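Heads up: the structure comes next, in structure tokens.
No value in this document is a laboratory result; all are computed from the given coordinates. Because the structure is a prediction, the values reported are computed rather than measured. A quick note on method: Cβ atoms are made from the backbone with ideal geometry, for glycine too, and the neighbour counts reach across all protein chains shown.
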Amino acid sequence: MYRVITVDLDGTLLSPENKITKYTKKIIKLLIEKGFYFIFASGRHYIDMINIRDNLNIKAFMITSNGAKIYDVDNVLIFENNLNPKIALKLSRIRYLDTDIITQVYRNNQWYINNNKIDNNFSPTLSLLKYKYFFPDKFNFNKVSKIFFTSFNFNKLKFLEKEIISTLKNSVNVSFSMPGCLEVVSKEVSKGYGLNLISNILGIPLKEFITFGDGMNDLDMLSISGKACIMQNGDVRLKKILASAEIIGSNKYDGVAVFLNNKFIQKN
């Protein structure tokens, strides 16, 4: 029996146009009426996630910035773990001058970038936040929840991933949310950690969690859930690692909502 539904946002619950469709909204509300808990788990900033949740007019836990900040259903911050300022400084410098990559920083309620070249997988319209430019030597790196790198040069990002892991070893958690977005948070931070925390708060074991994702940053939360579902449009590497997970429809066709409807609504 599943009682908790955990969903990633981009590439999973959201359509390719980064919207929650009317059909998906309908299914979510029906499931909440049935007593299911919802958890939204994303790399997005908590301000953007609050907006998505509030547009649905529901209560849901939120694992934001890949787990750096976690909120309960009443919007109370229940967990926070930021990057060590010295490590954040190193990360900000590592590709700051590379024009093929955008270095992006979440600090408190602000979003900072080093360049805004649209051909570097930069999508400012996806956020309510207004970006500012930062300069590493003049920046306060306290309260940085996440640093991420975007580019359409996937090979450069893959090399950067190896370099960060080699250089910073056990100090950070590095993962791809999608092929063109490499995300770095504190070592103690992950979506899976967030699921464990919420499981303890609710008193509901993880075997009663059903989880949906599409990217490598979803790996640990999918691994520990009672049932793991990967989107048809999900990362090939994720599908290979979690070979036992069920592959469901694409986010282009409301894959999560269709699956939930068939499993928990139509059959009743």
Q: Would you calculate the volume per residue, in Å³, of the smallest convex hull containing every Cα atom of the chain?
A: 119 Å³
Q: Under 16 Å Cα to Cα from K90, which lysines show up? Leave out anything in the same chain fewer than 8 places away.
A: K138, K143, K146, K162, K169, K187
Q: Nearest 5 is fine: what % of DSSP beta bridges in the chain come out antiparallel, could you say?
A: 55 percent
**Q.** P(r) tail fraction, region 85-186 - alpha-carbon pairs more than 20 Å apart, %
**A.** 30 percent
Q) Considering amide H positions built from the backbone, and no H for Pro or chain starts, which residues 5 or more places from N173, or on another chain, come under 5 Å of its amide H? A) V185, S186, K187
Q: Out of all DSSP beta bridges with both ends in region 85-186, state the antiparallel percent to the nearest 5.
A: 90 percent
Q: Report the label-to-label distance for I201 and Y253 in nanometres (one decimal), using points 7 Å from each Cα along the Cα→Cβ vector.
A: 3.6 nm
Q) Roughly speaking, what is the centre-to-centre gap between region 48-89 and region 138-166 when only Cα atoms are used, to the nearest Å? A) 20 Å
Q | Whole-Å distance, taken between Cα centres, linking region 1-17 and region 27-46 | A | 8 Å
Q: Of the listed pairs K156/K239; K26/K207; K69/K207; K132/K252, which have alpha-carbon separations greater than 29 Å here?
A: K132/K252
Q) So for T21, T6, T103, T125, fewest C-beta neighbours within 10 Å to most, what's the order? A) T125, T21, T103, T6
Q.
Run through region 14-55 and list the trypsin sites (Lys or Arg not before Pro) located in a DSSP loop whose Cβ has at most 16 other Cβ atoms within 10 Å.
A. K19, K34
(Q) I'd like to verify something in the chain: which complete DSSP H helices, judged by Cα projection on the helix axis, reach 18 Å or more and average at least -1.0 on the Kyte-Doolittle scale? (A) 154-168
Q: For region 85-186, calculate the relative contact order in percent as a whole number, restricting contacts to Cα pairs under 8 Å that are 6 or more residues apart.
A: 28 percent
Q) Rounded to the nearest 500 deg cm²/dmol, what is the calculated helix-only ellipticity per residue at 222 nm for the chain, with -39500 (n - 2.57) per DSSP H run of length n ≥ 4? A) -8500 deg cm²/dmol
Q: Calculate the spin-label point distance for E208 paired with L129, positioning each point 7 Å from the Cα along the beta-carbon direction, and give it in nanometres.
A: 3.5 nm
Q. Restricting the count to DSSP beta bridges whose residues both fall in region 116-268, what percent are antiparallel, rounded to a multiple of 5?
A. 60 percent
**Q.** Hz values of 3J(HN,Hα) by residue in region 222-238 - Karplus curve (6.51, -1.76, 1.60), Gly and Pro given as x
**A.** 5, 5, 9, 7, x, 9, 10, 10, 10, 5, 4, 8, x, 4, 4, 5, 5
